[in-house]
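The values are calculated or read from the model by the stated rules, or taken from the named source; none is laboratory data. Because the structure is a prediction, the values reported are computed rather than measured. So basically every Cβ, Gly included, is an ideal-geometry build from the backbone, and we count neighbours across all protein chains shown. For the accessible areas, the whole protein counts, side chains as well, though only heavy atoms, and no ligand, DNA or RNA atoms are used. Shrake-Rupley method; radii C 1.70, N 1.55, O 1.52, S 1.80 Å.
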Amino acid sequence: MNFKYTLDDKRYHTFNYYLKTKYKQKIAKISLNADFTCPNRDGTSGTGGCLFCSDSGSGDFAGDPKDSLQLQFDKVSQMMKRKWPDCKYIAYFQANSNTYGSIKKLKETFEPFVNKKDVVGIDIATRPDCLNDEIIEYLADLNQRTDLWIELGLQTIHEESAQWFNRGYSLSVFEKALHQLREHNISVCVHIINGLPVETSEMMLQTVEYLSRQDIQGIKIHMLYALKNSRIARYMETHQIDFMEREAYIDLVVRQLELLPPHVVVQRLTGDGKQDELYGPLWSIKKVTILNDITKRMKALDTYQGQRYPRS
Ligand code: SF4
């Protein structure tokens with residue numbers, strides 16, 4: 001597969017292209033908040049959560065957990081229908097760790113979306129240490145009945161960096177979970193963060209090099225950012241953090257895309273914080289221009305996703 005000259009004028013395998021090719025119609029993700037918590041917040045794996053996590057459990061665009069999941073879904077889908085009458089949806093369980101609960105709770109959460117009208121898939125964000133054998137078995141069954149994606153927040157392969165931001169699990173835990181999910185052919189999207197201040201660009205490239213050798217189907221690349229009133233913003237009152245510069249971020253992302261196998265779907269290349277709550281870096285607000293400049297840079301260098309991916 002060579003994406004050099006294709007894909008909505010991009011040079012990487014966009015999520016938009018993946019959806020258009022697979023479904024041949026407009027598909028929208030609807031972010032939901034199922035009111036789970038996270039073992040890295042409640043003391044099971046850690047307390048306080050990952051340093052960059054927002055108060056909403058990194059689900060800033062998810063619905064209001066005071067509303068039922070159906071209401072959260074309906075509010076957004078009704079808006080979408082006005083713009084795209086034939087739109088279909090992926091129910092995206094975004095906030096906190098959405099497999100951190102009993103099988104009963106998981107079934108109550110996900111089953112109503114399996115055969116729901118106009119829902120083509122379910123996307124579940126979670127942590128690899130929230131996937132025991134029983135849960136994997138349930139997800140394997142779910143995968144037979146819907147287009148299932150599991151999103152895992154790895155962020156980095158470097159243990160010392162993971163300790164710095166308080167990830168609360170080791171790389172081997174990720175590897176075990178990935179292996180188990182892939183044994184059941186479940187699609188896995190991995191999140192990484194560029195710009196951890198304890199890392200060099202070389203270390204960030206090493207994370208992508210590592211992932212390029214793993215059996216993953218999607219990736220979300222974020223930059224480190226801080227929201228006002230978040231744990232990292234409070235940390236910055238007493239510690240200096242130099243956010244990545246915009247140009248350095250674009251350069252790095254282009255090099256990371258070159259390393260990724262062409263089939264890996266790039267679901268995100270920027271941060272995902274709410275604009276009015278952003279503390280820094282302020283350049284990250286203009287997401288569209290960042291994406292445009294990544295594409296421009298790839299064109300100028302005549303490069304593309306997978307250009308440096310070792311094929312043998
Ligand atoms: S694992 Fe996710 S939800 Fe939990 S603290 Fe870290 S970023 Fe937040």
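Accessible area per residue for segment 15-300 is 44 Å², calculated with a 1.4 Å probe on protein heavy atoms, without ligands, DNA or RNA.
The trypsin sites (Lys or Arg not before Pro) of segment 32-125 that DSSP puts in a loop, and whose beta carbon has at most 14 other beta carbons within 10 Å, are Lys66, Lys117. Taking the convex hull of the alpha carbon positions in segment 15-300 and averaging its projected area over all directions gives 14.6 nm².
For Lys274, which aspartates and glutamates qualify as cross-link partners when the Cα separation must be under 18 Å and same-chain residues fewer than eight apart are set aside? Partners found: Asp55, Asp60, Asp64. Beyond 23 Å in Cα-Cα separation lie the following of the pairs Lys105/Lys228; Lys26/Lys299; Lys29/Lys287: Lys105/Lys228; Lys26/Lys299. The longest part of the chain holding none of the exposed loop GluC sites (Glu not before Pro), meaning those outside H, G, I, E and B in DSSP with at most 16 other Cβ atoms within 10 Å, is 1-236.
Computed over segment 245-312, the quotient of the alpha carbon radius of gyration and 2.2 N^0.38 Å is 1.22.
The GNM of the chain, with springs linking C-alpha atoms under 10 angstrom apart, assigns the highest mean-square fluctuation among Tyr235, Tyr249, Tyr92 to Tyr235.
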